[in-house]
Structures are given as C-alpha cells and as structure tokens.
1. So how far apart, in nm, are the two label points at Arg45 and Leu11 if each is 7 Å from Cα heading toward Cβ?
2. Any idea of Arg19's accessible area? Nearest 10 Å², probe 1.4 Å.
3. Carbon-plus-sulfur fraction of the accessible area of the chain, 1.4 Å probe, in percent?
4. Taking all protein chains together and a probe of 1.4 Å, list Thr77, Thr112, Thr103 from the most accessible to the least accessible.
5. Determine the gain in length on full extension of the stretch Lys86-Arg19; use 0.36 nm per residue of separation and subtract their C-alpha separation, reporting nm with one decimal.
6. Working with all protein chains in place, sort Asp61, Asp50 by solvent-accessible area computed with a 1.4 Å probe, largest first.
7. Provide the FRET efficiency to the nearest 0.05 for the Gln110-Asn58 pair, computing r from the beta carbons and using R0 = 30 Å.
8. Along the Cα-to-C-beta direction of Ser30, a point sits 7 Å from the Cα; which residues of the range 70-94 have their amide N less than 20 Å from that point?
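The values are calculated or read from the model by the stated rules, or taken from the named source; none is laboratory data. Predicted, not measured: the structure shown is a model, and the values here were computed from it. As a convention, Cβ positions derive from the backbone with ideal geometry for all residues, glycine included, and neighbour counts pool all protein chains shown. Ligands, DNA and RNA are excluded from the accessible area calculation, which covers all protein heavy atoms including side chains. Shrake-Rupley method; radii C 1.70, N 1.55, O 1.52, S 1.80 Å.
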Amino acid sequence: QVQLVESGGGLVQPGGSLRLSCAASGRIPSIYAMAWYRQAPGKQRELVADISNGGRTNYLDSVKGRFTISRDNPKNTVFLQMNSLKPEETAVYYCKIRGLLGTYWGQGTQVTVSS
C-alpha cells in the first residue's frame, strides 16, 4: 500500500524559509503529476504548486517567485522550497501524487508563520 510521508513543516518567522519534502513509500507506477496544496483554518484547500512528469510547473499567483516545486523521480519524492513566508500562509500543507492507478495524499504537515 502506498503512503506519502511529508516532512519539513514547523514554526518560522515572517520572511523565513522552509523546505517541505514528500516521499512515497511503495511503488507508484507511471506517476503523472505531483503537487502541494494547503488548507488554512476555516478555508478551502487550495493548490499551491504542481509539477508534471516532464517537469512543467504551475504556481498559485501569490507564491510565484517565492516558492519552488521540484521532484526526484527515481525516489518518488516531491519538494517545496518556500521563501519569504508570510503569516497568512500559515496552514497545513499536503502533498498529492497522481499516477496511473490512482491519486494519493499525504497526511499533512503544519506550517506556522509567526513572530
């Protein structure tokens, strides 16, 4: 059974940086895309960034220029480098991997941006 394990969340001051990682345990054949979402309290989950199998990326407008998504295909791992973080970006961040046999979600990692 495939599980996605996220790491790298935590408490950071405004303007600080964090790097999230999401590794899949178990084999996922034919991965199409990997993505990061976030959900703040009382708000809907939103797509932050995604990356296709070919490396094409897409970002939420508000994070462009500050966040970078990348992937390590042989290791079925996706990363999210977040710079210049803002308090309003406090949320639970989730990774998602979409493959031939289905879509998988991580359990979420808390990111808190506060002084």
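1. 2.7 nm
2. Per-residue accessible area (Arg19): approximately 120 Å².
3. 47 percent
4. Numbers: Thr77 15, Thr112 45, Thr103 75 Å².
Largest to smallest exposure gives the sequence Thr103, Thr112, Thr77.
5. On the way: separation 67, 0.36 × 67 = 24.12 nm, distance 1.46 nm.
Gain in length upon complete extension: 22.7 nm.
6. On the way: Asp61 115, Asp50 45 Å².
My answer, sorted largest first, is Asp61, Asp50.
7. Plugging the Cβ-Cβ distance into 1/(1 + (r/R0)^6) gives 0.80.
8. Once the point is set 7 Å along Cα→Cβ of Ser30, 73-77 turn out to lie under 20 Å by backbone N, inside the range 70-94.
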